[in-house]
1. May I ask you to compute the full-extension gain from residue 160 to residue 201, defined as 0.36 nm times their residue separation minus their alpha-carbon distance, rounded to one decimal in nm?
2. Where a ≥ b ≥ c are the square roots of the eigenvalues of the C-alpha gyration tensor, would you call region 90-187 rounded, which needs a/c under 1.5, or, failing that, prolate if a/b is larger than b/c, or oblate?
3. Alpha carbon centre of region 35-74 versus region 160-178: separation in Å?
4. Quick check for me: using +1 on Lys/Arg Cβ and -1 on Asp/Glu Cβ, what's the dipole size of region 63-210 about its Cα centre, in debye to the nearest 20?
5. Can you find, among 44, 63, 74, the residue farthest towards the positive end of the dipole of region 31-75? Put +1 on the C-beta of Lys and Arg, -1 on that of Asp and Glu.
6. Give me the dipole magnitude in Debye, nearest 20, for region 151-190 about the Cα centre, with unit charges on the beta carbon: positive for Lys and Arg, negative for Asp and Glu.
Amino acid sequence: MEQTDNPILRRTLSSDLIPELNWWINSAYLDYRAARTLILNGELLQAAIFANTAVEKYAKATLLVKGDRVHGHLKKGMFRGIKNFCEDHFDSLNMEFMDLLQKSYFTRYFEDIPNGFHIEIIQNKFLVELDNTAYQFNQRFHFKVEGKVIKTMYVEDFEDRNPALLYKNFILTRKEKRSEFIAQIQHYLDLKKDENGDIVLYTARIGGVPDDSRFTPLGIDHLDGKTPLEIFKEQKTTNKK
């Protein structure tokens, strides 16, 4: 199997890698597509969990091309491996967003969330960065077997104009300015677990979000009255351990 026109590396790969590599790439894409559907429907935390597994699988596919099989969930070591393999690819990834995805994994189970935990998800801002991340990975997967191009599901859906991939995909459609899309009214989620083990969840509808590519959580208090963001609805939920 030949990997062609690829910014990561042009090399001939063992045919034994074909089934495994295709599985990682296409399984990653299905998780990514599921994350898109969830984020578009306002299910922010669930979307982040699927986005986590999508990026984990894309990273494993990339490192498999390098010749490394890595195990476990999404972690910083995977990105160090990508940086050592292709620094340009590493530089195309937003590491604050990667940190957000890694943290989202803890939210699957209450007992896994550590005290002092804090995560913040802003719908359109998250979607733009997720779409860009998937694009950065997928543009580097171009394969031929005996001269025949092997298309990934990402490429097939793009060519078929599948709305599951293209609807509100600023990266692939560019139908409006990025800053205007990110500033639209959208869902917001802020989740904390304090030092006493209590979880506080805020959800809101906000607008005027800045296009700054930042994903370090600031909290609802920062948004309310300290920035030009508008809070349209706020819900506070406290769950005691």
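1. Working: separation 41, 0.36 × 41 = 14.76 nm, distance 3.92 nm.
Result: 10.8 nm gained on full extension.
2. Values: a/c = 2.41, a/b = 1.47, b/c = 1.64.
Taking the square roots of the gyration eigenvalues as a ≥ b ≥ c, region 90-187 is oblate.
3. Region 35-74 and region 160-178 have Cα centres separated by 20 Å.
4. Details: 22 positive and 22 negative charges, 88 e Å.
Magnitude of the dipole: close to 420 debye.
5. Comparing the listed Cα positions along the dipole, 63 ranks first.
6. Values: 7 positive and 7 negative charges, 39 e Å.
Value, rounded to 20: 180 debye.
Rule-based calculations on the coordinates, nothing more; no lab input. Quick caveat, the model's predicted, so the values are computed rather than measured. Please note: Cβ atoms are built from the backbone with ideal geometry, for glycine as well, and neighbour counts cover all protein chains shown.
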